[in-house]
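Scroll down for the structure; my scribbles are underneath it.
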Amino acid sequence: KLPVYGKCSTKEVKLKNWRSWRVQAYPFTLKPEDLAQKLPNLVELYLHSNNIVVVPEAIGSLVKLQCLDLSDNALEIVCPEIGRLRSLRHLRLANNQLKFLPPDLGRSRELQYVYVDNNIHLKGLPSYLYNKVIGCSGCGSPIQVSEVKLLSFSSGQLTVFLPSEVKSIGTETDHVLPLQELAMRSLYNAYYKFIKDLNFLSPISLPKSLLELLHCPLGHCHRCSEPMFTIVYPKLFPLRETPMAGLHQGRTTVSFVAYCCSTQCLRTFDLLS
């Protein structure tokens, strides 16, 4: 039986020995920034049914985490850091208020089970999730005009919301990337690939917002893995038109979204190949 803890202090339990934690009283007294330091061996984290609105970015520091349950909360956004948990195998996000998922969610081969059932406004799944075990029943209700406050992308009769980090949408007719995107990719390639240390940059080299973005791209191209910072080239693949359609038997109207870095990757990406 899993241990159950509500509000607790570091004096009550030796946190470093915890491998599983079921929270019944959120927020807990442990500060988000202390997660990795206090819970370095945590493998399972159960935060379901706590009316959580925001998940702290520090959750991405739990490098050994394999199971994360955030179902039955009030989440509208999933922080990109969750998509970068390299040991994560099971992710439960059912019964929230999600409208989009991080573009990199599913990029890790370890992640095999993702449940997003009954997020009625969720209409797009990152194409990295294709060939994973997915629960998405009850997703994909029609978008009302009053709801379209986020950036969205349409293809034919399909419309999906895009992550809030995306600043603009590219198309097949675009031949040149925006200057800011070109600059960010050049800096990233120069410092990350060759120096392996973005801290080499002086704090005054870039505005703070751009420096933070350089450390954490909004996602990676689903075709070539090139980092993307402000612009994406999306491509939709309706689930009903994939071999997975039979598994869901009409219980969902979601599409897989491929986030590409250029017109070339947009043209050549094929989900089923």
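Read the figures in this text as sums done on the coordinates, not as results from a lab. Being a predicted model, the structure only gives us computed values, none of them experimental. As a convention, Cβ positions derive from the backbone with ideal geometry for all residues, glycine included, and neighbour counts pool all protein chains shown.
Worth pointing out:
- Stretching the chain fully between residue 132 and residue 159 yields a gain of 7.4 nm (0.36 nm per residue, less the alpha carbon separation).
- Projection of the Cα convex hull of segment 152-193, averaged over all directions and equal to a quarter of that hull's surface, yields 4.1 nm².
- What the Kirkwood sum gives for segment 14-143 is a hydrodynamic radius of 14.8 Å, with every pair of different alpha carbons counted.
- Distance (nanometres) between label positions extended 7 Å along Cα→Cβ at residue 168 and residue 151: 1.0 nm
- Estimated at 0.36 nm per residue, the fully extended path between residue 175 and residue 113 surpasses their Cα-Cα distance by 18.6 nm.
- Three-way shape label, segment 217-272, alpha-carbon gyration tensor, a/c 1.5: prolate
- Enclosing the Cα atoms of segment 47-88 in their convex hull gives a volume equal to 60 cubic angstrom per residue.
- The GluC sites (Glu not before Pro) found in segment 97-186 that occupy coil by DSSP, while having at most 13 further C-beta atoms within 10 Å, are 110, 172.
- Taking the DSSP bridge list for segment 14-143 and keeping only pairs wholly inside it, about 0 percent are antiparallel.
- Potential extension, residue 64-residue 190 segment - 0.36 nm per residue separation minus Cα distance: 42.4 nm
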